[in-house]
Amino acid sequence: MPVTRCDIFCKVIDNYGDIGVCWRLARQLVRQHGLAVRLWVDDLASFQRLAPAVDATAATQTVQDVSVWRWDEAAAMAEPADIVIEAFACDPPEAYVAVMAARVRKPAWINLEYLTAEAWAAGSHGLPSPHPRLPLTKYFFFPGFTPDTGGLIREAALTGRSPTLPHDKDTQQTFWARVEVPPPPPAALKVSLFAYENAAIPGLLDAWANGDRAIFCAVTAGRHVPQVQAWLNAVGTDVGREALTHDPHPPQQVGRLHLAFLPFLPQPDYDGLLAACDLNFVRGEDSFVRAQWTGHPFIWHIYPQEENAHQPKLAAFLELYSAGLGTAECSALRNFWQAWSDESDAGTRWPALLAALPALQQHTEKWTSNLVSQTDLAAKLLIFCKNLLECPAL
Ligand code: TRH
């Protein structure tokens, strides 16, 4: 029997990563694999920020051929699909799970896990987790950077240079105009900035303002913006408190640093921003992965966890990503990433990173082509689920 229907459950815990990942996956399963996807989301208002076509008040709607459902009581009554994906262990409703268990042909039930480069993820990828009471098994699906994991979300258009992304000068001009940002000065290094609160921000902005190279920094909306504002106030630009109340704020120049402030962009425009910049500061999970498809160097503000639980995750990724880099570039990269995540002296480490950028650009292009040569997450997920449905004893 062909697999045609998929339910994806998404709980927005905080921030935008949960819905960012689910929305990309849902669209890809529809567009590239012809599945009928129902996406259950508990917070349509957050979803609407990434996808403005979403009506935050509608119980059910179709957006880009994905059937979007508000995750409320209706979810418990729904007829389960052939493939059921719960994102980040978000627990579908008990009544829904009971119907899955009662089926003769059980749905393939997947827990799509958080991304990590740590070695244990490959070891845990695909492992079964039998339900404590019901005759039903859920399977762990771990995304990752190596062929022994579940891979990374990557749309088909990204295997080549997508015509919709602003790689060349003309499309970049159109892109900046569309997002209502004055075009960057021609020789400036173009940087996008998306992060959590980060005490390293003022020091880095000082280094950019006083450095040798002109920097154009597109500041995205997010938790990092108040620190940029506070820095502007502290360095006493003519921005004034009143201007900063405009959302987004007007562009500013301090020394060699040109700052442009962006509103929260629809997700495809955010992807366009990543492609248009030479260096991207990203965070969490989805922007971190998406930056890697541009082939440009990136700086990761990893999601900070209690008791520094994020440190091994950061170290594991750095180990993998920096392999093959020359000694000087490797230490410039590692020192800067560590300082950024530790919220320490990123500013003093900037000159070394800037000097290493040409080598990092070449290195990242190779890194990206290696990732592109691997099967993407949606394709792996479907193979995995089809195998489960065909041989349920697996
Ligand atoms: O928002 P995040 O911090 O999400 C995080 C992580 O996923 C983290 O692992 C998880 O534990 C936590 O959520 C709950 O960062 P992330 O993952 O990069 O998601 C941001 C999404 O927002 C991504 O899909 C890109 C999108 N985005 C836009 O669409 N427009 C914008 O203007 C910006 C700045 C982001």
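Quick one: accessible area per residue over the range 169-372, 1.4 Å probe, rounded to a whole number of Å²?
Per residue, the range 169-372 has 41 Å² of solvent-accessible surface.
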If the chain between residue 13 and residue 375 were fully extended at 0.36 nm per residue, the gain over the current Cα-Cα distance would be 127.5 nm
Once residue 57 and residue 235 are pulled to full extension, the length gained, defined as 0.36 nm per residue separation minus their Cα-Cα distance, is 59.8 nm
For residue 89 and residue 331, extending 7 Å from Cα along the Cα-Cβ vector and measuring point to point gives, in nm, a value of 3.9
Residue span residue 129 to residue 344: 0.36 nm per residue of separation minus Cα-Cα distance leaves a gain in nm of 73.3 nm
Those helices of the chain passing the 15 Å axial Cα length cut-off and the mean Kyte-Doolittle cut-off of 1.0 (DSSP H runs only) are 377-390
Lone Cys, the chain, Cβ cut-off 4.7 Å -> 6, 90, 217, 277, 330, 385, 391
Between the alpha carbon centres of the range 49-87 and the range 346-394 the gap in Å comes to 28
For the residue 64, residue 156 Cβ pair and Förster radius 22 Å, calculated FRET efficiency rounded to 0.05 is 0.90
Taking protein heavy atoms only, a 1.4 Å probe, and rounding to whole percent, the accessible area of the chain owed to carbon and sulfur comes out at 55
For the table 313/386; 11/138; 169/190; 106/386; 190/313, the rows whose alpha-carbon distance is greater than 23 Å are 313/386; 190/313
Inter-part gap, Cα centre of the range 290-332 to Cα centre of the range 96-162, in whole angstrom, is 24
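The values are calculated or read from the model by the stated rules, or taken from the named source; none is laboratory data. Predicted model only: the values in this text are computed from it and were never measured. FYI the Cβ positions are ideal-geometry reconstructions off the backbone, even for glycines, and counts take in every protein chain you see. Just so you know, the surface numbers come from the protein's heavy atoms only, side chains and all, with ligands and any DNA or RNA stripped out. Shrake-Rupley method; radii C 1.70, N 1.55, O 1.52, S 1.80 Å.
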